[in-house]
Amino acid sequence: MKTARLVDGELLIQDLPVPEPGAEEARIRITASGVCHSDLHIVRGDWLGVPRSGAIGHEAIGIVEALGAGAERFVAVGDRVILGLGGAGGGYWCGACEYCLKGQTRHCPQTKALMGTFAEQFCVWAPALVQIPDHIGDHEAPLACGGLTAYGAVKKLLKHQVPPGRPIAVIGAAGGLGHYAVQIATAFGYRVVGVDIGEDRLEFVRSLGAERAVGPDEAAKVAMDDFGGCDAALVFSAKLAGFSLGLQMLRRGGLFVAVGLPASSEGNLSINPFEFFFKDPTLIYSAVGTVQDMRELVALVAAGRVKSHVSRTGALSELPAIFDELEAGKYLGRAVVTDMGH
Ligand SMILES: [Zn+2]
Ligand SMILES: [Zn+2]
C-alpha cells in the first residue's frame, strides 16, 4: 500500500505491506484524509520534542475492511466510519482512570496518538471509530480533528458557564479550525465576533454566521465598544499575537480558551500581573474532544448545521505541495487528500 512517512525529517511516499489489525483493531481502507496544521508543524519540526519521523495524518474517513479479535463488538466490515480524535488520543485510552472517567481521555497515562492516515490502509482501535451516514461526503474528513477540536472548544463555554446568547471572540475565524468554531458557536446560539486578516477572509467568516468579522487592528476596540468585552475568546491562531489579542478582547472575568499551538520559537504567552488582577480571566487550554463529542458533531453535520469548507483536494503524491501551500496560507478552510493510491 502507498503511505506518506517522515524519514529523518524528509517527507516520502513509500510502498509498505498492508497492515494486519491487532486485537480490538479494525483495518480501514482510507477514502479521504484531511491535512491538519499539526501535520505541517510536525513535518517542519516546529514543536520542540516532537520527532520528525514516522507515519503522519490523523483525520480520515474510510470503510472498515478487516477486523482483529474482539473488534466486531464495535464495528462491522463495510461500515463507513470517521477516524476521530487526532492529535494525542484516538489511538487508545484505558477508559477507567481518573482522566478517562472525567472525559479527558487525552490525559490518560495509557493514551496513544492516532497517526498514519495518509495511507491506503490504516489499522485503528475500533472503539475510537464513529459511523457516519452516506450523505456526509468524503470531503468532511477534516471533521475528525479540525472539526472535533473546534467542537470541544465551544463545549468548554458551556462547562465554564458562558451561556448561549453571549458575545464570544473567535480568533483565526477563517482558518482550518476557526471556520468550524464559528459555525458550531452560531449553532449553539452564541454571538460570534470573528477575527481574521483580509477582506475576503472576513467575508467568509460572515457567511459562516458570525455577527461581526473584523481585522486584528480593530478587534479589541470593537469588542469593548460594541459588546462591552467578550465573555470568552477562543484562540485558534497559530501566532502568539493572536493569544495576546484574545486576552485584550475579554471582558472582566472572561474565559480564555487557547486552542492554537504556535511554533516553540514564538516564545511564551505573557500577561502583566496588574492586568491579570484587573481583568481576572480564567485561562484554559482545549485540545481535541471525545468519541461522544464526535458523535454529537456528526449529528450537527448530518442536520446541515456545520460543514467543512475544502478549497484544495489532491492525490497522496501531491502532499508535499499541499503542505507548502498550507504554509503559505493559500487556503480558506481545509485541504483533503482524496486519492490515496496515486
Ligand atoms: Zn485512562
Ligand atoms: Zn489535527
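Might you check whether a residue that is surrounded by 15 or more Cβ atoms within 10 Å (Cβ to Cβ) and free of Cβ contacts under 8 Å to residues at least 24 places away in the same chain occurs anywhere in the stretch 267-290? Within the stretch 267-290 (the criterion being surrounded by 15 or more Cβ atoms within 10 Å (Cβ to Cβ) and free of Cβ contacts under 8 Å to residues at least 24 places away in the same chain), the answer is no, since none of the residues qualifies.
What do you reckon, is Leu300 modelled with pLDDT of 95 or more and either over 21 Å from Gly146 (Cβ atoms) or buried (at least 18 other Cβ atoms within 10 Å of the Cβ) (or both)? Yes; evaluated as a whole, the condition is true for this residue. Sort out which residues of the stretch 212-227 are in a helix (DSSP H, G or I) and either touching a Leu at 6+ places or on another chain (Cβ under 9 Å) or farther than 13 Å from Arg191 by Cα (or both), and write them in order of number. If the condition is that a residue be in a helix (DSSP H, G or I) and either touching a Leu at 6+ places or on another chain (Cβ under 9 Å) or farther than 13 Å from Arg191 by Cα (or both), then Pro216, Asp217, Glu218, Ala219, Ala220, Lys221, Val222, Ala223, Met224, Asp225 are the ones that fit. Only one of the numbered conditions (1) among the polar types (S, T, N, Q); (2) in contact with a strand residue (DSSP E or B) (Cβ under 7 Å, 6 or more places away or on another chain); (3) buried (at least 18 other Cβ atoms within 10 Å of the Cβ) is violated by Gln14, and that is (3).
Of everything in the stretch 228-256 that is part of a loop (DSSP other than H, G, I, E, B) and touching a helix residue (DSSP H, G or I) at 6+ places or on another chain (Cβ under 9 Å), the residue that is nearest to Gly165 (Cα to Cα) is Gly229. Note on the stretch 280-295: among residues that are outside any strand (DSSP E or B) and modelled with pLDDT of 95 or more, the one that is farthest from Cys108 (Cα to Cα) is Asp280. When the test is whether a residue is hydroxyl-bearing (Ser, Thr, Tyr), buried (at least 24 other Cβ atoms within 10 Å of the Cβ) and touching a residue at least 12 places away in the same chain (Cβ under 8 Å), Ser33 passes it. Within the stretch 233-253, residues that are touching a residue at least 12 places away in the same chain (Cβ under 8 Å) and crowded, with 24+ Cβ neighbours inside 10 Å have Cβ atoms under 6 Å from residues that are assigned to a helix (DSSP H, G or I) and not hydrophobic (A, V, I, L, M, F, W, C) in these pairs: Ala233/Gly246; Val235/Gly242; Val235/Gly246; Phe236/Gly178, counting only partners at least 6 apart in sequence or on another chain.
Find the residue count for the stretch 196-210, including only residues that are hydroxyl-bearing (Ser, Thr, Tyr) and part of a loop (DSSP other than H, G, I, E, B). Going through the stretch 196-210 one residue at a time, the tally reaches 0.
Entry remark, the stretch 7-51: residues being closer than 18 Å to Gly341 by Cα, part of a strand (DSSP E or B) and either away from ligand 2 (no atom under 15 Å from the Cβ) or charged (D, E, K, R) (or both) number 10 in total. Of the residues making up the stretch 229-243, not one is more than 21 Å from Val154 (Cβ to Cβ) and over 21 Å from the mean Cα position of the chain (by Cα). Scan the stretch 318-325 and tell me whether some residue there is free of Cβ contacts under 8 Å to residues at least 12 places away in the same chain, under 26 Å from Arg201 (Cα atoms) and surrounded by fewer than 18 Cβ atoms within 10 Å (Cβ to Cβ). Yes, some residue in the stretch 318-325 is free of Cβ contacts under 8 Å to residues at least 12 places away in the same chain, under 26 Å from Arg201 (Cα atoms) and surrounded by fewer than 18 Cβ atoms within 10 Å (Cβ to Cβ).
Of the strands (runs of 3 or more DSSP E) contained entirely in the stretch 59-172, those carrying at least 1 residues that are away from ligand 2 (no atom under 16 Å from the Cβ), under 30 Å from Pro281 (Cα atoms) and within 17 Å of the chain's Cα centre (by Cα) fall at 167-171. With respect to the conditions (1) within 16 Å of ligand 1 (Cβ to nearest atom); (2) assigned to a loop (DSSP other than H, G, I, E, B); (3) not charged (D, E, K, R), Gly329 lacks only one, and its number is (1).
The values are calculated or read from the model by the stated rules, or taken from the named source; none is laboratory data. Computed from a predicted structure; not experimentally measured. All Cβ positions, even for glycine, are placed from backbone atoms using ideal geometry, and neighbour counts span all protein chains on display.
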